[in-house]
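I have placed the structure first, in the form of structure tokens, so that the comments after it can refer back to it.
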Amino acid sequence: MPSPRRLTDFEQILIGLTVGSPRSGYDLKRFFSSTPAVVYEPSSGALYPALRRLERRSLLCSEVAVSAGKRKQRRYLATDAGLAAHGRWLRSPVDPATVGRDLGVHLMRFALAEGSLTAIEVHRFLNQLGDALEAFVSAMEEFARDTSLPGRHPALAIEHGLAVHRASLSWVRKASGILAGSSEVCADDILTTECAQAERRL
């Protein structure tokens with residue numbers, strides 16, 4: 001029997017948005033269209049089939065409820081299996097080779113992690129993201145320095161990309177510091193846990 005198809009990032013985001021609070025398709029459409037998550041707004045006709053796929057795989061369950069406007073709505077909620085799949089996605093390591101392409105997905109993972117990951121796990125994720133961005137920025141700087149590009153526009157486009165990813169790297173380090181300062185888990189606890197995990201991998 002073939003293994004289930006890997007969930008897309010969009011499907012994982014849908015599960016994350018239904019953790020702990022049932023949402024209708026209309027609620028989800030409104031969320032995507034009225035928040036910075038608009039970049040993930042599904043194409044017309046894609047949202048409801050995705051919700052039905054997740055329900056068939058028992059990652060979401062649904063119930064019909066009557067809205068304030070007396071209209072029937074089907075509301076979706078993450079199941080235990082959905083929570084487990086979502087947790088694996090949130091904990092998946094940052095791939096340095098694709099961090100430039102997947103930066104928006106990583107930011108959405110961070111936004112959905114609160115309440116689902118421990119302080120240590122969030123710290124680890126931010127460290128991975130920061131290290132991957134630092135390597136990406138260094139590679140872009142080297143490319144810009146050593147590559148002769150025709151005309152001015154390509155160089156300006158590279159400059160824009162560098163500015164965006166430098167700003168993202170700065171934000172990651174700042175966010176890590178803010179969360180470490182307000183967390184009940186101290187830096188020594190984080191370091192001890194990560195050292196123990198490193199020893200187990202040896």
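Where a number appears in this text, it was derived from the coordinates with a stated rule and is not lab data. Owing to the predicted nature of the structure, the values given are computational and were not obtained by experimental measurement. Here the Cβ is made from the backbone with ideal geometry for all residues, glycine too, and neighbour counts use every protein chain on show.
Here are a few things to note about the model shown:
- Potential lengthening between Glu121 and Arg173 on full extension [0.36 nm per residue; Cα-Cα distance subtracted]: 17.2 nm
- Helix runs (DSSP H) in the chain reaching 30 Å along axis by Cα, Kyte-Doolittle at least 0.5: none
- Order of Ile120, Ile178 - criterion: other Cβ atoms within 10 Å of each residue's Cβ, fewest first: Ile178, Ile120
- Amide N proximity, the stretch 70-93 versus Arg52 label position 7 Å along Cα-to-Cβ, cut-off under 20 Å: 72-79
- If you wrap the tightest convex hull around every Cα atom of the stretch 9-87 and split its volume per residue, you get 96 Å³.
- Taking the square roots of 5 times each eigenvalue of the Cα gyration tensor of the chain, largest first, gives ellipsoid semi-axes of 34, 25, 16 Å.
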